[in-house]
1. Residues of the range 15-27 being farther than 13 Å from Ile38 by Cα and either more than 29 Å from the chain's Cα centre (by Cα) or surrounded by 11 or more Cβ atoms within 10 Å (Cβ to Cβ) (or both), which ones?
2. For the range 143-166, state whether one or more residues are touching a strand residue (DSSP E or B) at 6+ places or on another chain (Cβ under 7 Å) and of a type in the set (Ser, Thr, Tyr).
3. Restricting the search to the range 120-143, which residues are within 12 Å of the ligand (Cβ to nearest atom) and either under 14 Å from Leu93 (Cα atoms) or modelled with pLDDT under 90 (or both)?
4. With the structure loaded, tell me whether Leu106 is touching a residue at least 12 places away in the same chain (Cβ under 8 Å), surrounded by 13 or more Cβ atoms within 10 Å (Cβ to Cβ) and closer than 15 Å to Leu57 by Cβ or whether it fails that test.
5. For the range 60-110, which residues satisfy the criterion of being over 18 Å from the mean Cα position of the chain (by Cα), within 8 Å of the ligand (Cβ to nearest atom) and not in a helix (DSSP H, G or I)?
Amino acid sequence: MKEQPEKTLKIKEFLKQVPLFTDLEDEEIDLIYQVSRIVHYPPDTLILSEDEPGNRLYVILTGRVKIALWGEEGQEIILSVLKQGEFFGEMSLLDEEPRSANVVTLEDTETISIQRKDFTAQMKKHPGILLKVARELCRRLRNADKKIGDLAFLQVYGRVAQLLMQLASSQGIVTKYGILIPNMPTHREIAANLGSSREAVSRVLSDMKKRGQISTSGRQLILHEKLMDTLD
Ligand code: CMP
């Protein structure tokens, strides 16, 4: 069942503003509206589940959703939060693989969704739509790359900090500046010890220096209280 005329007009006006559809003529917006499905979801509703098949693309009319992955032990990784005018579900629509993530509403949310065949028909007529989807995919991939980089950095950071604590307890000398480790292994040795790369270890140590957590001189390193605070 379709909406009241006033609401219909509002939705069509909104669709014209959605970046994905700005190239479309009024009649094409009408067509999209006719073949679309509008659904309202309360907060905390699972709209799409990871691994299920899917052939619809969703545009958020109102509200916000999170894109999330859930680990075996229930831990959640939020990949992104999408708001009004943004779209999701394009991946399964394009590659015909199962949904890549879970999509859950964060608040009252209304979506308009269209099926693969209807979206594909518009994409063929207006290659500009495809370009916009591709640009958005690039933006999301860049964000994901950054997240992977940050996670890898945090992992090495934690391992280096742990090693420094071990060295401090085995050979550390208490000074008024902090705990002095008189004979530090080289970055290469630390990397080999931690199963990491020399570059990653150097990056972590220089980050710790910038934060005032450590200072170094030759093979000597001083652990300042700041680093120990972060490990509490
Ligand atoms: P699809 O795989 O069809 O269903 C889940 C959707 O979540 C996916 O399409 C994208 O729209 C969205 N999605 C998956 N991964 C990300 C990500 N890293 N950033 C933003 N959105 C994503």
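The values are calculated or read from the model by the stated rules, or taken from the named source; none is laboratory data. This structure is a prediction, so every number in the text was calculated from the model and none was measured. Please note: Cβ atoms are built from the backbone with ideal geometry, for glycine as well, and neighbour counts cover all protein chains shown.
1. Residues of the range 15-27 farther than 13 Å from Ile38 by Cα: 16-27.
Matches in the range 15-27: Lys16, Val18, Pro19, Leu20, Phe21, Thr22, Asp23, Leu24, Glu25, Asp26, Glu27.
2. Taking every residue of the range 143-166 in turn, none turns out to be touching a strand residue (DSSP E or B) at 6+ places or on another chain (Cβ under 7 Å) and of a type in the set (Ser, Thr, Tyr).
3. At the first step, the residues of the range 120-143 found to be within 12 Å of the ligand (Cβ to nearest atom) are 133, 136-143.
Across the range 120-143, the qualifying residues are Val133, Leu137.
4. Answer is no for this residue.
5. Glu97, Pro98
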